[in-house]
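Undergrad: Take a look at this one; I'll ask things after.
The values are calculated or read from the model by the stated rules, or taken from the named source; none is laboratory data. In this text, all values refer to a predicted model and were calculated from it rather than measured experimentally. A quick note on method: Cβ atoms are made from the backbone with ideal geometry, for glycine too, and the neighbour counts reach across all protein chains shown.
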């Protein structure tokens, strides 16, 4: 009898993992469970489509290793399957003297990660982005853009062609040692992989694991440039990030469909799938508010959180943040766009998990922290998971 694999979660990491299993074990019995009626509905379907190079991550970390490899394998996968992809590069911009030291540190980290990067003065930066404000900038040549939702659809098609099952509209209600309970029946398994994203900690607890972290949802809200102002941005323009946080600051992204996204900020969401302020779940909010790790995080970084909330509630503040990068941008140039929710794992001591967190528990693997750059890294995360299963 072939080994039975059940993957919980039909986002890009779950689908890539199922695809990798079929590549390595063509006779395996593979089932993907997704509670929504389409794949890639949440984190994957709400991001800006950036194929990250691996600039920000500590050398030797999973993020650094898998993102660098993933930027190549994702671009190759897209090209192979006719998915639009463009390796356009990006600028990370220092707009004031206080950011120059952090930009230099980011450059040194990028070099340590083996990336093709170049430090530029202001005039050289404006050769790439004529409208940018920059004392200095770093150009990252290998950054790209694509449509990760389309990647998910292609992966799902490949899975079905390969004999796997992709069960949509199927919610997991319980997990036993040898079977998964759903609202549409029981599914036996020999190996379980939890790629449930925003609900990964809950699925881990259903499976009898102790995740040692809590998923707290942070909403990232976007605007986009009006069509007549898209010429202000050629590619991707990012600020120098605050190293205390995994959020990259509001930035500009010229997307694969021709739009130019501006954002995101990072505010606490009141629901794990809370894409608007009015989306509230008493259960989700109580879990976040009652978690001691969240209280410790809040006591340490309340000013940061307050600034992000103000920017969320004030379009004028949002526009002013963008104008630090491109001074010609005004509120009149922006129109509201969508939002995404980041599944951020937080430890009980209040620290943010800053690397991918993938834990083996018997015949189960739990992906407990896989926010950005997980989409970029997804094909490599899948290899890493399958290697763990084989160990």
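Undergrad: Among the residues of the range 199-230, write down those that are without any contact (Cβ under 8 Å) to a residue 60 or more places away in the chain and within 26 Å of residue 338 (Cβ to Cβ).
TA: 202, 227, 228, 230, listed by residue number.
Undergrad: Further, regarding this structure: Check 69, 28, 16 and return the single one that is surrounded by 24 or more Cβ atoms within 10 Å (Cβ to Cβ), touching a helix residue (DSSP H, G or I) at 6+ places or on another chain (Cβ under 9 Å) and not assigned by TED's automatic domain parsing to the domain that holds residue 130.
TA: The conditions single out 16.
Undergrad: Evaluate the following for residue 367: is it surrounded by 15 or more Cβ atoms within 10 Å (Cβ to Cβ), modelled with pLDDT of 95 or more and part of a strand (DSSP E or B)?
TA: Criteria met by residue 367.
Undergrad: Same structure again: Name the single residue that is surrounded by the most Cβ atoms within 10 Å (Cβ to Cβ) among those in the range 192-202 being touching a strand residue (DSSP E or B) at 6+ places or on another chain (Cβ under 6 Å) and part of a helix (DSSP H, G or I).
TA: In this case the residue turns out to be 197.
Undergrad: Within the range 262-283, does at least one residue satisfy the condition of being outside any loop (DSSP other than H, G, I, E, B), in contact with a helix residue (DSSP H, G or I) (Cβ under 7 Å, 6 or more places away or on another chain) and over 27 Å from residue 147 (Cα atoms)?
TA: No, the conditions are met nowhere in the range 262-283.
Undergrad: Moving on to the next point. Residue 319 fails exactly one of the following numbered conditions: (1) modelled with pLDDT of 95 or more; (2) touching a helix residue (DSSP H, G or I) at 6+ places or on another chain (Cβ under 8 Å); (3) crowded, with 16+ Cβ neighbours inside 10 Å; (4) not in a helix (DSSP H, G or I). What is the number of that condition?
TA: Here residue 319 clears every test but (4).
For every residue, the table says whether it meets (1) modelled with pLDDT under 95; (2) crowded, with 18+ Cβ neighbours inside 10 Å; (3) touching a helix residue (DSSP H, G or I) at 6+ places or on another chain (Cβ under 6 Å).
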residue	(1), (2), (3)
165	no, no, no
185	no, no, no
190	no, no, no
204	no, yes, no
243	yes, no, no
248	yes, yes, no
